[in-house]
1. If you wrap a convex hull around the alpha carbons of the stretch 202-295, what volume per residue comes out, as a whole number of Å³?
2. Out of residues 5 or more away from SER403 or on other chains, whose amide H comes under 5 Å of its own, with H placed 1.01 Å from N in the peptide plane?
3. Quick check on my link table: of LYS103/LYS170; LYS167/LYS398; LYS238/LYS398; LYS170/LYS238; LYS170/LYS203; LYS9/LYS103, which ones sit more than 24 Å apart, alpha carbon to alpha carbon?
4. In square angstrom, rounded to the nearest 10, how much accessible surface does LEU88 have for a 1.4 Å probe?
5. Does the stretch 343-425 come out rounded, prolate or oblate, given a ≥ b ≥ c as the square roots of the eigenvalues of its C-alpha gyration tensor, rounded meaning a/c under 1.5 and, failing that, prolate meaning a/b above b/c?
6. Where does each of 370-383, 393-406 land if you order them by average Cβ count within 10 Å, highest first?
7. From the convex hull of the Cα coordinates of the stretch 152-242, what is the mean projected area in square nanometres?
8. What accessible area, in Å² to the nearest ten, does a 1.4 Å probe give for TRP354?
Amino acid sequence: MTEKYEALKPKLEKVIQVAAFMGVLLLILSPLIQWGERIYLLKTGQGVLFTEFVYNEMGDSIEVYQEMMRTLQSVVSLLAKIIAGAALIYGLLSLPKLREEWKNYLKAAVPLIVFAAYAAGIYLVTNIRGFTEFDAMPNYYMGDTIYEFMRHPFTYFFCGMLVLKGKWRKVLIIIFELSAMIMNVASMIDKWVVSNSCFTGLKGSAIFNNTNHYGYYLAIVVICAALLFIYEDRAVFKTFHAANMALGMAAMISTASLGPYVAVIFTLIFFAVYCFKCERKRLKWVIIALGIIIAINLMMSMLVESLVSSMIRTVFDLGNIISDPSGSDDAGSGRWELWKQAVSDISRRPLLGWGIEGYEVGGTAHCEPLQYAVNFGIPVTVLHAAAIAVVMVETFIKKKKLSKMTLLCFCCTFSYIISAMFGVAIFYTTPFFYLFLGLTYAEVGKSFFLKEEKSDNSTSSEESGTILKKV
């Protein structure tokens, strides 16, 4: 009987790995799936991934994306439940080992435990103060209810953290880069050549409903391509990644979204410091990557306003804020006014928040930490930040022992976090943050069970510099 149980374990491990991989893959492909959905809708008037919605005009594109993401969320949630069930059975079959290594399991589960406290906090504060209109029913534009805020860590982060095989993570990263490349090419054609009737009609936003939202996505895409470029040694693949980085940067500049641009520059500078201290031979490629970004910015300045000039204007805005905080509401494209109002709203309900879209004056804060605090109060926001900090700090501490793919995912997550200081949590971009946060933690969580910590790149493929070769 014992041998029969032991034979079951590899099958359960396979179920967990495949389900986690599929959950991540679905989200990675979601922009392309949405594009395909719109093509079918325009031809037939009926959707593929949902049956009741009838597509009549481009103004319905927000609802189309929301419906698709709700369907995708349900599928990934089902996969997460399958993973949890398989993990439970695996745990019951491994009780002796659990007793011996319960501390390691507890350490590895800390982010999930803190996220559980965060989700419980959302539910608690919402029930204490009462539900707002959009706490349980999705807003037409933003799309998320409290249940999406609660579920995201237990779907996308959970699936990401359980893609434990380094090769599988590499495959997912390459698929992400390729899918983004297809979207970026189509977006640039739509912006500068011929309109794409399947896009939103807002030039430069691709299938996203706002150019800034596309920018949040690109903040991850550009860093992903940049680090693949930096770590690749074969000339053909290196050129390919450089081209994708340049394409993503051109698409970002076309959005005129400053926050993601700042995020990309700051992340590459941060990575340059890391390379200077830990991987000196890669430093020149980081500098070249920054040079490519500057060159693209200069070339695009002939077509659109340079984001560098936007950064210079922001510096002047900061000066105005320092000299006259109350009279600088236009600073940061009006964000300063939104931030002041958010802080005022938080001060009136610091513990319970106002609920989703429940603020008294103004709109969404356009700063995710402030958005969470306005919605759910300061304690819930602190729990959310703590869960993220556990992953990022633990990864940074172990940076020298981790694979290049984990460092890439860390930098993608870092880029999104910086971009989020100027953006909003919304239904189709926030899941990518949780996904990359989970992929960052996969190797870190696994390291708690290794007596002698050893990274995925300590041998073989990535040390040789060839990332695509082994994929």
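1. Normalising the Cα hull of the stretch 202-295 by residue number yields 81 Å³.
2. ASP456, ASN457
3. Beyond 24 Å between Cα atoms: LYS103/LYS170; LYS238/LYS398; LYS170/LYS203.
4. 110 Å²
5. prolate
6. 370-383, 393-406
7. Seen from a random direction, the Cα hull of the stretch 152-242 projects 7.3 nm² on average.
8. 30 Å²
The values are calculated or read from the model by the stated rules, or taken from the named source; none is laboratory data. Note that the structure is predicted; figures quoted are calculated from it, not measured. Using ideal geometry, Cβ is built from the backbone for each residue, glycine included, and neighbour counts are taken over all protein chains shown. Accessible surface areas use protein heavy atoms only, side chains included; no ligands, DNA or RNA. Shrake-Rupley method; radii C 1.70, N 1.55, O 1.52, S 1.80 Å.
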